[in-house]
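The values are calculated or read from the model by the stated rules, or taken from the named source; none is laboratory data. All figures in this text were calculated on a predicted structure; none of them were measured in a lab. With ideal geometry, Cβ positions are generated from the backbone for all residues, glycine too; neighbour counts draw on all protein chains shown.
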Amino acid sequence: MSLETSSISFQEDFVTWTDLAVEEQVINIQRAVSESLPVSINYQNFQQSTTAKQIANQLIGLMQRYELSPGTVRMTLPGRFTVIKKVMVDQSIPKENYKELALFELENSLEEPQENFHVYMPEFASDNADYRELLVVAIRKSVLEFFNEISETAKLNVQIIAPSCFTIDELYRKIYTGMEGQTLILGWQRRGYDVIISDKNNFINYMFRPYNTNFDSIEQLDEGELLSSFDVLLEELKHPPVLQKPLYDIQSVLFYGFHFKNQWLDLIKAQVPMPVRIFNAENGSNYQIVNRSQDISDDQIFQMIESVSNIF
Amino acid sequence: MVKINFKSDSPVTFASEAEDVKQIEEEFTKKEKSSQIDNNIDLSFESTESFFPRADVEREPETKTELPEFEEAPRARTEERPVDRSITPNKDFYPGPVSSQKRIYIIFGAAAAILLVIIFFIFQFMKSGAEKPAVPGTESETSTSQSPAISQGIMPVYQTNVASNNFLDTQLQDFFVKKPASADYSLIVMTPTEINLTVLGDSRDQIAQFTVDLKKAFPALAFHVVSVQNKYEDGNQLIYADLSTPISSGQIASPVSKISVDIQPKDIKKELTGLAQKNQVKLPYFKQGKIIDHNGYRETLYYVNLNGQKGNIMKFISGIISAYPMIRINKLSIFPYNLQTISGKNLSTRLSLSYYNSI
């Protein structure tokens with residue numbers, strides 16, 4: 001049985017649209033389009049009434065130019081548009097108290113009153129002998145309304161809106177079934193890295209890290225500065241400067257994202273003593289991603305991974 | 001797999017909690033209004049009867065000599081309102097010079113009062129001596145109608161509670177007094193087995209310095225940094241660090257050898273609400289958790305949220321410890337009410353408590 005859907009992936013100032021069809025274990029990219037947004041999605045802009053309309057108009061233009069269908073649409077948002085927190089609960093705490101404990105822990109991470117957020121507790125259980133990990137995800141109500149307004153204005157039939165860190169985590173596990181240990185899945189975005197840490201069983205963590213403290217965009221940095229920023233990030237994850245032991249045990253690295261360039265791979269491989277790959281699914285043992293779009297070449301699939309990931 | 005769909009998934013709702021909170025807040029508001037009336041009377045400082053909220057005054061005869069809470073209360077109020085030496089002393093408390101005739105009357109009066117007291121004690125002694133074999137240890141039962149019998153088997157639990165609670169209280173006070181200046185607390189979480197601090201600094205160097213200073217200030221605690229996170233605010237980078245230390249049972253003093261327990265409150269919510277009111281702390285959330293039956297006694301879990309000024313919250317916690325040995329603090333979390341760090345006055349506190357009673 002095949003599934004056909006359109007998947008739109010938003011970044012702060014970028015949008016990717018892919019038309020996808022899944023047949024058995026093959027994900028076919030039928031069409032793939034990427035464009036810069038007419039206006040960045042940030043705290044100031046999304047509160048202006050014109051921003052959603054401008055972005056909706058751009059999507060309408062894309063549909064007309066590339067004959068894309070608004071019929072069944074899935075959408076991803078960057079993980080950093082949400083607040084993601086793991087909450088540890090003692091095994092002795094009754095389940096009926098989980099929600100209130102999670103909310104209490106989350107409250108400390110929110111910069112606004114909790115009533116301004118939708119809070120979700122997706123199914124997630126990471127058990128240890130002494131404690132259980134719960135996952136709490138919060139999104140500003142105004143952010144969700146903003147994307148709903150884009151959908152309504154562009155007349156899209158949106159069925160799923162999900163943070164891309166979770167959809168990518170799921171795609172990783174579907175495709176790379178044989179990977180051992182923890183994998184660093186790194187999305188090269190315009191102003192920093194989407195850092196997803198996963199293993200073969202579970203989502204482990206997500207964070208956003210800018211390329212530098214000035215929040216410079218990737219176009220403002222040369223190759224040396226970018227490779228250096230990657231080194232700093234990896235070093236921070238593997239040997240945190242203040243911690244006595246690292247939080248993660250990363251065994252391999254996967255790259256994706258529109259802004260990554262193929263030629264950087266060999267340079268990084270030369271300086272990182274662990275397997276480093278591009279998220280093109282060429283090594284997938286379970287699912288395969290096949291490019292049938294003339295808009296991108298086969299070795300550019302990694303640029304579309306965010307929108308492809310929302311297929312399951 | 002983490003599946004989340006903002007389009008169709010229902011967000012977590014806390015309807016029942018919201019109702020509970022509303023109810024408690026309404027109750028609190030009512031009580032606050034009545035306490036404001038009492039406070040107005042208090043301002044005169046001319047009458048010891050109006051010194052306490054009415055509810056406490058009514059209970060006072062039952063527990064006057066046994067419970068330390070009413071001995072603590074006047075001290076607490078005195079701290080809030082420092083003595084102003086420039087004020088003319090009230091004649092009710094500071095009588096002026098008296099005549100020699102009056103002195104004679106006073107001496108005779110005092111002698112008569114002492115005589116009466118001695119006769120009263122002799123009478124009581126003879127009476128109790130006659131009744132002792134028939135009704136042992138009923139002093140606490142006669143002292144209050146609200147206290148069921150307290151079995152001696154639960155006393156070791158109460159003694160352990162007091163030791164554990166005292167340890168947490170002392171540590172908490174020390175954390176505020178001895179805090180290194182290099183960073184500020186954002187969250188303090190204490191349990192009898194572990195203490196976790198979240199601190200906020202401007203740089204990793206500051207956090208490292210704070211850790212060193214903290215180890216110097218608390219040499220008995222083995223703090224180590226367990227996580228560090230960047231936070232960007234208005235373009236500035238801030239660093240959150242979580243520090244943790246285990247607490248071994250040896251660090252908590254031995255169970256207190258002798259404690260006086262005469263009442264076993266039936267309605268702990270009412271008790272703590274009264275204590276909060278007395279210390280000008282808001283108690284917007286109170287929920288009962290699991291009930292666990294042990295051999296001969298019962299443990300009931302409670303979850304309590306408090307909002308208030310730092311000093312008042314500390315008094316509330318000390319109040320629990322001094323007045324309710326049947327309560328053990330399982331977890332105590334303190335964080336700022338609407339700021340990033342605990343440097344401000346207004347704090348929120350969450351307590352996870354166990355209440356033990358005989359069955």
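Output the number of the condition that A:SER40 fails; it satisfies all remaining conditions of (1) more than 19 Å from A:MET304 (Cβ to Cβ); (2) in contact (Cβ under 8 Å) with a residue 60 or more places away in the chain.
For A:SER40, the failing item is (2).
Do we have any residue at all in segment B:144-153 that's surrounded by 18 or more Cβ atoms within 10 Å (Cβ to Cβ) and modelled with pLDDT under 90?
yes
Scan segment A:153-175 for residues that are away from every other protein chain (no Cβ under 12 Å) and over 15 Å from A:SER7 (Cα atoms) and report the count.
2
Matching residues to (1) in contact with a Lys or Arg (Cβ under 7 Å, 6 or more places away or on another chain); (2) touching a residue at least 60 places away in the same chain (Cβ under 8 Å):
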residue	(1), (2)
A:TYR120	no, no
A:GLU123	yes, no
A:ARG132	no, no
A:LEU135	yes, yes
A:CYS165	no, yes
A:ILE175	no, yes
A:GLY178	no, yes
A:GLN189	no, yes
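Looking at the structure I just gave you, is A:PHE203 crowded, with 21+ Cβ neighbours inside 10 Å, modelled with pLDDT of 95 or more and aromatic (Phe, Trp, Tyr)?
Spelling it out, it is not the case that A:PHE203 is crowded, with 21+ Cβ neighbours inside 10 Å, modelled with pLDDT of 95 or more and aromatic (Phe, Trp, Tyr).
Report every pair of residues separated by at least 6 positions or lying on different chains whose Cβ atoms are under 7 Å apart, first residue within segment B:214-232 and more than 8 Å from chain A (Cβ to nearest Cβ) and within 16 Å of B:VAL189 (Cα to Cα), second β-branched (Val, Ile, Thr) and in a helix (DSSP H, G or I).
Within 7 Å, the pairs are B:PHE223/B:THR211.
Mind checking which residues of segment B:281-301 are within 12 Å of chain A (Cβ to nearest Cβ) and farther than 22 Å from B:PRO336 by Cα?
B:GLN288, B:GLY289, B:LYS290, B:ILE291, B:ILE292, B:GLU299, B:LEU301
Given the conditions (1) crowded, with 20+ Cβ neighbours inside 10 Å; (2) free of Cβ contacts under 8 Å to residues at least 24 places away in the same chain; (3) within 14 Å of another protein chain (Cβ to nearest Cβ), which single one is not true for A:SER309?
Looking at each condition in turn, A:SER309 falls short on (2).
Can you tell me which residues in segment A:210-228 are touching a Leu at 6+ places or on another chain (Cβ under 9 Å), in contact (Cβ under 8 Å) with a residue 24 or more places away in the chain and crowded, with 19+ Cβ neighbours inside 10 Å?
Selection gives A:ILE218 alone.
Residue pairs, Cβ under 7 Å, 6 or more apart or interchain, first in segment A:25-37 and without any contact (Cβ under 8 Å) to a residue 24 or more places away in the chain, second of a type outside the set (Val, Ile, Thr) and in a loop (DSSP other than H, G, I, E, B). List them.
That search, which allows pairs on different chains as well, returns A:SER36/A:ASP13.
Could you grab me the full set of residues in segment A:77-103 that are at pLDDT below 85 and among the hydrophobic types (A, V, I, L, M, F, W, C)?
A:MET88, A:VAL89, A:ILE93, A:LEU101
Inside segment A:190-289, counting only strands (runs of 3 or more DSSP E) that do not spill past its ends, which hold 3 or more residues that are within 14 Å of chain B (Cβ to nearest Cβ)?
Answer list for segment A:190-289: A:192-198, A:203-210.
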